[in-house]
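Taking it in order: structure first as structure tokens, then the write-up.
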Amino acid sequence: MSNILGDDPWGSSGWGDSPVQGSAFLTSSQLLNRTSLDAPKDSDEVLVPESYQNILDHFGEQLSSVNELEQLVMDKLVSAGTFTEYQKSRLIDVLYEHNMLPPAQYMVDILGLIALEVDAPGTGDYVTLKFRRSHLPELPQNVIDILLLSREPISDPLTESLAAASLEDDPVLTDHSSIQKQQDKQEPTIDTSGVRKYMEKLRGEFKPLYTSKESISIREVPEKEGLLFKHTNYAITYNMNLGMHQQSGQKKVVRRYSDFVWLLEYLLKKYPFRVIPGLPPKKFSDITNWKRQAKIDYLVEFKGKKILTEFINSIWPTVGEEFLKKWKQCESSIGRLIEIWTKLVLLVERNEKRQQQIAFDNGKFVEMINRFTGLDDALYPHDDGIVGNSNKDDMAAINDSLGTIGEFFNKTSQALVDDSFAINTSTLEKFKNYLDYLYSLQELFERSKKLLTNTIAQLEARITENEAKYARLSTDDADIKGSDLAKLRQAIIADKQEMFQQLNRDWLIKSCCMDEYIMFQETQYLVSEAWVDWCRGRTQHQAKMGLLYDQMSGIIGDMPLNS
């Protein structure tokens, strides 16, 4: 796949040329620095502490995105031990929740949040900031020294080397590489060995939902009936190893079905683009209500995250096109695969039920044979009388052989019961476990279709239109107020930054879906495991049955056939 680089996609509009050679998009900092028009500041009066000034002079308006703020400010403080990752996350959340973006326009407030958090952990919140805006705390000297360390150039993969799929029909989301202009047609140098290691690492992280050595068991507790309600509880038993200083061993908790529903809702909300197993309905007549209550918001997973340069520059150019084709092929086939595997599960269940019926019938064989031998003296006297004495030896041999046949049916019945138990508790669960994975993947396809909406194309069109309008109205003879021109310029900046955010999310979704698809490849071994388990069980069962039949073969010569 060629490395698609491009010029400024919005062309020349009086904003100057991009300082980054070969950049497909302008970074947020470049957008803010391309004009002398000042962005509107917060209208509230702020007393800027003296210790903030060096920081403000050092960064200027370079911190034009949250990612740059994290890289050049927050991450330095975390690395130095000034902050924890949790504190950093809280401060970033404040920026998003109160629309303090771009950071360059709110640097005094951001430094105030940092100073508050350093001064007293937990106080770096919006309410405290607003309350203390006129007397913000000074930054400690060690924090100033950390932040004034020399900055390394920012490498923004969204702006410097966007590589995108060449497919026109992208089943994951629309391919927006059309807003780039091709500059270099040479193939990029890609380390395929690194990509293979990346994929192997992903597959190594796969953990099956069910194994034959489960340490967690869930069983239904009988319904409790009360005056006002009744509900089903589930007893969860599990083994825990808590280390040297805490008691280990088997633990038990009781949970309601609603607890499992809450957990599923949480996972779907936080990880909408992951393969997440569903829940069975509480009752078969309850499936509609369950689906209704499972509808939730899916807007959390990628908040504050940035696509990795490695993914765009190396991984996606190597496997992106292949992944998109395979994803589309899988999406179109998953329904049929589920139908086929469901029928296989039903056949395994039917086979197990037949085993149970045969075991029951074998028990009846034993019962009827015992009854017959208990009454056959009435038909064939085998006592010391004249008639009975002539039957005595033959009937003894017949009854002994019937006893051997009864013992055969007893043993085969037990063998069938053991085999049925193994199928029901192990083999069948493995077949159903794989079916759960198929359904989970199908649900990921369905969620992706619903959640992959964006307005990148509309933003591009609006930016182009507004830039043309800005260039036209900024001429000397244009009759327009300066404030109106500034608003138009600010609208362009806002749209460009929104486009960056949406493009970043676009790439993050591609990355996430591809990771899930690669890890899903490990489920092929669940297919093998289920069938190997089934074949092993059948082989062992038939071996037992073969021994029992061999033991019964002596009856052929033991039972008298004539006088």
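The values are calculated or read from the model by the stated rules, or taken from the named source; none is laboratory data. Just so it is clear, the structure is predicted and the values come from calculations on it, not from any experiment. Note: ideal-geometry Cβ built from the backbone for every residue, glycine included; neighbour counts use all protein chains shown.
Being of a type in the set (D, E) and more than 33 Å from the chain's Cα centre (by Cα), is that true of even one residue in the range 397-412? Can you show your working first?
Within the range 397-412, the first condition is being of a type in the set (D, E), and the residues that meet it are 400, 407.
Now restrict to residues that are more than 33 Å from the chain's Cα centre (by Cα): 400, 407.
Yes, the range 397-412 contains at least one residue that is of a type in the set (D, E) and more than 33 Å from the chain's Cα centre (by Cα).
Looking at the structure I just gave you, is D506 within 37 Å of the chain's Cα centre (by Cα), closer than 30 Å to M368 by Cβ and either crowded, with 18+ Cβ neighbours inside 10 Å or among the acidic types (D, E) (or both)?
It is false that D506 is within 37 Å of the chain's Cα centre (by Cα), closer than 30 Å to M368 by Cβ and either crowded, with 18+ Cβ neighbours inside 10 Å or among the acidic types (D, E) (or both).
So, in the range 95-120, of the ones that are in a loop (DSSP other than H, G, I, E, B) and hydrophobic (A, V, I, L, M, F, W, C), which residue ends up nearest to N142 (Cα to Cα)?
Residue satisfying both the conditions and the ranking: A120.
Conditions tested, residue by residue: (1) among the acidic types (D, E); (2) buried (at least 16 other Cβ atoms within 10 Å of the Cβ); (3) modelled with pLDDT of 90 or more; (4) farther than 30 Å from M514 by Cβ.
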| position | (1), (2), (3), (4) |
| --- | --- |
| K306 | no, yes, no, no |
| V319 | no, yes, no, no |
| K328 | no, yes, yes, no |
| R336 | no, no, yes, no |
| T342 | no, no, yes, no |
| M368 | no, no, yes, yes |
| D383 | yes, no, no, yes |
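Those residues that are crowded, with 17+ Cβ neighbours inside 10 Å and of a type outside the set (A, V, I, L, M, F, W, C), I need them from the range 412-425; list them, please.
T412, S413, D419, S420
Looking at E339, E331 in this structure, which one is touching a residue at least 24 places away in the same chain (Cβ under 8 Å) and either acidic (D, E) or in contact with a Gly (Cβ under 7 Å, 6 or more places away or on another chain) (or both)?
On inspection, the qualifying residue turns out to be E331.
Take the residues in the range 357-376 that are acidic (D, E) and free of Cβ contacts under 8 Å to residues at least 12 places away in the same chain, then tell me which one is farthest from A415 (Cα to Cα).
Top of the filtered list is E367.
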